[in-house]
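S.K.: Have a look at the structure that comes next, please.
The values are calculated or read from the model by the stated rules, or taken from the named source; none is laboratory data. The structure presented is a predicted model; accordingly, all values stated were derived computationally and were not measured. Here the Cβ positions follow ideal geometry from the backbone for every residue, glycine too, while neighbour counts run over all protein chains shown.
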Amino acid sequence: MANVIYESVRGLSAIAIEDAFLRDRKIFLIGEVNDESCNELIKQLLYMEAEDDSKPITLFINSPGGDVGSGLAVYDTIRLLKSPVTAVVTGIAASMGSIIMLACDKNRRYMLPSSRIMIHDCSWGRHDMGGKKPFEVEEELNQLKNTNEKLLNIIAERTGKTVEEVAEVTKKDSYYSADEAIEFGLVTGVLDGETFAKI
């Protein structure tokens with residue numbers, strides 16, 4: 001873990017780079033969306049909210065997605081905060097990574113020029129259906145459909161599209177460049193040097 005050096009009245013001290021960014025209210029979702037990464041994000045978000053709920057928070061995202069339940073926990077937390085949260089996609093925000101990004105208000109969602117966003121229907125992933133009875137499989141399928149409907153509604157609400165429009169593009173993995181993401185309503189803009197410096 002990288003450290004940075006701070007100078008204070010007590011002299012020089014080294015702190016973890018993550019702690020230095022946290023001081024500046026900057027946090028990161030890097031890699032898979034899972035219990036561990038999302039629990040860490042939620043703790044950081046709640047800490048900053050308790051510290052000062054009027055100051056903005058910046059969330060940098062570079063994630064291929066992952067667990068729906070964990071991702072929705074972060075989504076709900078961001079939506080409940082008083083602190084304004086800005087999302088910046090630095091590489092890719094795919095699947096649940098894109099849903100977490102959509103928790104931020106539209107005028108607070110940005111991408112770097114070469115970044116991409118991917119949205120799609122949810123799936124079982126590595127879920128094992130072996131040995132399950134027909135009724136159990138049907139119950140699992142109904143749960144998957146309900147979850148997918150929830151995600152479709154989130155994307156529709158946060159982009160200004162209809163659920164039908166969203167459902168049409170999420171049938172497959174739909175990738176968006178920065179310009180395409182702006183047109184679809186996923187983000188408000190691409191960060192340039194001047195805007196980036198203000199975040």
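S.K.: Consider segment 16-53. How many of its residues are more than 17 Å from Ser98 (Cα to Cα) and among the hydroxyl-bearing types (Ser, Thr, Tyr)?
M.R.: 1
S.K.: While we're looking at this one, here's another question. Only one of Ser63, Ser37 is at pLDDT 95 or above, hydroxyl-bearing (Ser, Thr, Tyr), more than 24 Å from Lys82 (Cα to Cα) and in contact with a Leu (Cβ under 9 Å, 6 or more places away or on another chain); which?
M.R.: The conditions single out Ser63.
S.K.: Taking segment 120-169 on its own, how many of its residues are modelled with pLDDT under 85, of a type in the set (Asp, Glu) and either surrounded by 13 or more Cβ atoms within 10 Å (Cβ to Cβ) or in contact with a strand residue (DSSP E or B) (Cβ under 9 Å, 6 or more places away or on another chain) (or both)?
M.R.: Residues in segment 120-169 being modelled with pLDDT under 85, of a type in the set (Asp, Glu) and either surrounded by 13 or more Cβ atoms within 10 Å (Cβ to Cβ) or in contact with a strand residue (DSSP E or B) (Cβ under 9 Å, 6 or more places away or on another chain) (or both): 1 in total.
S.K.: I would also like to ask the following. Looking for something in a helix (DSSP H, G or I) and over 23 Å from Phe28 (Cβ atoms) - is there at least one such residue anywhere in segment 123-134?
M.R.: yes
S.K.: Okay, next question. I'm trying to understand the selection: among the residues of segment 14-40, which are within 26 Å of Asn107 (Cβ to Cβ), of a type in the set (A, V, I, L, M, F, W, C) and free of Cβ contacts under 8 Å to residues at least 40 places away in the same chain?
M.R.: Residues satisfying the conditions are Phe21, Leu22, Ile27, Phe28, Ile30, Cys38.
S.K.: Please give the helices (runs of 4 or more DSSP H) falling wholly within segment 139-199 in which 1 or more residues are closer than 30 Å to Asp24 by Cα and hydroxyl-bearing (Ser, Thr, Tyr).
M.R.: 193-198
S.K.: Sticking with this one: Could you identify the single residue in Tyr75, Tyr47 that is among the aromatic types (Phe, Trp, Tyr) and under 23 Å from Val166 (Cα atoms)?
M.R.: Tyr75
S.K.: Could you tell me which of the residues Ile117, Ile199, Ile182 is closer than 25 Å to Val85 by Cα, buried (at least 16 other Cβ atoms within 10 Å of the Cβ), of a type in the set (Val, Ile, Thr) and in contact (Cβ under 8 Å) with a residue 40 or more places away in the chain?
M.R.: Ile117
S.K.: If you don't mind, another one. Tell me, please, whether a residue that is within 30 Å of Val169 (Cβ to Cβ), in contact with an Asp or Glu (Cβ under 6 Å, 6 or more places away or on another chain) and not hydrophobic (A, V, I, L, M, F, W, C) can be found in segment 76-96.
M.R.: Within segment 76-96, none of the residues are within 30 Å of Val169 (Cβ to Cβ), in contact with an Asp or Glu (Cβ under 6 Å, 6 or more places away or on another chain) and not hydrophobic (A, V, I, L, M, F, W, C).
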